[in-house]
Amino acid sequence: MKRVFLLAAALVAAPVTAATIAITGGTVATAVGDNVIENGTVIMRDGRITAVGKDIAVPAGATVIDARGKYVTPGLITAMSTLAISEVDAVNSTNDISARGTPFSAALDVSTAINPRATPIAINRLGGVTRAVTGPEIGSEIFGGQGAIISLADAGDILMRPRVFQLIELGEDGARAAGGSRPAAWLNLRNGFAEAQRYARNPAAFESGRDRDSLIKALDAAALVAVVEGREAAVVHVERASDIVEVLKLRSDFPKLRLILVGAREGWLVADKIAAAKVPVITLPLHDLPDQFETLASTRSNVGRLMAAGVIVGLGVFNGDSGAQPRNLPYFAGNAVAQAAVPGGVGLTRGQALATITRNPAQIFGLGDLGTLEVGKRGDVVVWDGDPLELTSAPVAVLIDGVAQPMTSRQTLLRDRYKDGKPTDMPLQYRP
């Protein structure tokens, strides 16, 4: 058995391919309920977790990471982001999130734009994010296109699953895209689904991109077939309580729809209806400002109230810092815990909060072998220097599929290069 007492040394000593790794002595938060194992051990072999618990014998020859005084959790999974399809949101040439000038909408597929060398990937991996749901924003139609699931591993093909969901924009933004009103947006939505059903019955009727009676192109209709047939999730961005109720009614006409709500800042007002429909929600707990008419009932207790009603909630959004920097999600989750201490507030337990950034996103998107520290799950594990829900904590080791990841990014390399402020004989340009 090869014992490594320093985590930095463990990363150097660990092989570049998955082997046998034992993480010992840490506080292991499994993301299974509120189960926390003090002085616990996690063992991985060939990329899978083979043992989790106390007093577990470490296999001979295993690389051992000593996690005493540290926390061990599953790798973080952001339930929504723009990772790998954008470098800088404000720089259009680096941004493949939306396309306002294209005649296509639902057929757009972000998997064709995935960039494994995008700078935010390493930055967020350093923050403990190991998997990400990444998706588009709308252009000029209510259908934004198809999102994907990626790994943040440093090597190999990071695209896990293409065309996992279709983004649909309703509410205020959907109304604008549809011509100026919610009724127009709903008609566009229902027409698109009806066109998909018609396309599925007779693809040959759509000639030259669309048939003479169609309002959408053949490729867009074809892309929506998987949605109305339930093979691809319908991720619907909606905020207002009344809009949420209308979305839930869609199943009366399209019973196979797999609905996922994004945003849902007034979701707590209709939490019982969302729970009864068994529709999960992706949102953030700190969205509490009535900054739009459709978010007048925003509250930091939204997540707590939704989960108390039985709704599965994952954290993440498309836009802003949370879309590009899901490494901040542990702090959002921590705030959801603190909300329980606010008079009249409804918060989460620590186990529930951790689940919103691990187990729940995995469950929402059908990643059954990820999200928890359990035997048989993939070896996505993060070792933290403190409680992961605290602002002062950071990962000291990140493993994806049982492989130790480099704890560097372009930011850390530039820091190390210039921190002494001394002249150097290295060229000014970045290293490749």
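Quick note: the coordinates plus some simple rules give every number you see, no bench work behind them. Just so you know, these numbers come straight off a predicted model, no measurement behind them. Ideal geometry is used to build each Cβ from the backbone, glycine not excepted, and the neighbour counts take in all protein chains shown.
Here are a few things to note about the model shown:
- The residues neighbouring S301, those whose beta-carbon lies less than 14 Å from its own, together hold a net charge of +1 under the Lys/Arg +1, Asp/Glu -1 convention.
- GNM result for the chain, Cα springs below 10 Å: residue of S105, S81, S393 fluctuating most strongly: S393
- H237, H287 arranged by Cβ crowding within 10 Å, fewest neighbours leading: H287, H237
- Considering only alpha-carbon pairs that sit under 8 angstrom and 6 or more positions apart, the relative contact order computed for the range 53-118 is 30 percent.
- In nm, spacing of pseudo-spin labels at S252 and R417 (7 Å Cα→C-beta vector): 6.1 nm
- Neighbour net charge for D291 - beta-carbon separation under 15 angstrom, K R +1, D E -1: -3
- Cβ-placed point charges (K, R +1; D, E -1), dipole of the range 76-364 about Cα centre in debye, nearest 20: 800 debye
- Computed FRET value (nearest 0.05) for N39 with E87, which takes r as the C-beta separation and R₀ as 45 Å: 0.60
- When the C-alpha to C-alpha distance is required to be over 30 Å, the pairs from K377/K419; K70/K273; K217/K249; K70/K377; K70/K278 that qualify are K377/K419; K70/K273; K70/K278.
- For S140 and D288, the difference between the fully extended length at 0.36 nm per residue and the C-alpha to C-alpha distance is 50.5 nm.
- Within the range 117-152, trypsin sites (Lys or Arg not before Pro) in DSSP loop having at most 15 other beta-carbon neighbours inside 10 Å: R117
- The relative contact order of the chain, computed from alpha carbon pairs under 8 Å that lie at least 6 residues apart in sequence, is 20 percent.
- Between amide H atoms placed 1.01 Å from N, distances below 5 Å from G53 occur with T41, all of them 5 or more places distant or on a separate chain.
- Cut-off 11 Å between beta-carbons: net charge of the residues surrounding N95, Lys and Arg +1, Asp and Glu -1: -4
- Antiparallel %, DSSP beta bridges [both residues in the chain], to 5: 55 percent
- Listed by chain and number, the aspartates and glutamates placed with their C-alpha closer than 17 angstrom to that of K54 are D34, E38, D66, E374; residues fewer than eight positions away on the same chain are left out.
- Cβ-placed point charges (K, R +1; D, E -1), dipole of the range 142-296 about Cα centre in debye, nearest 20: 600 debye
- When volume of the Cα convex hull per residue in Å³ is computed from the coordinates, the matching label among (1) 153; (2) 161; (3) 298 is (2).
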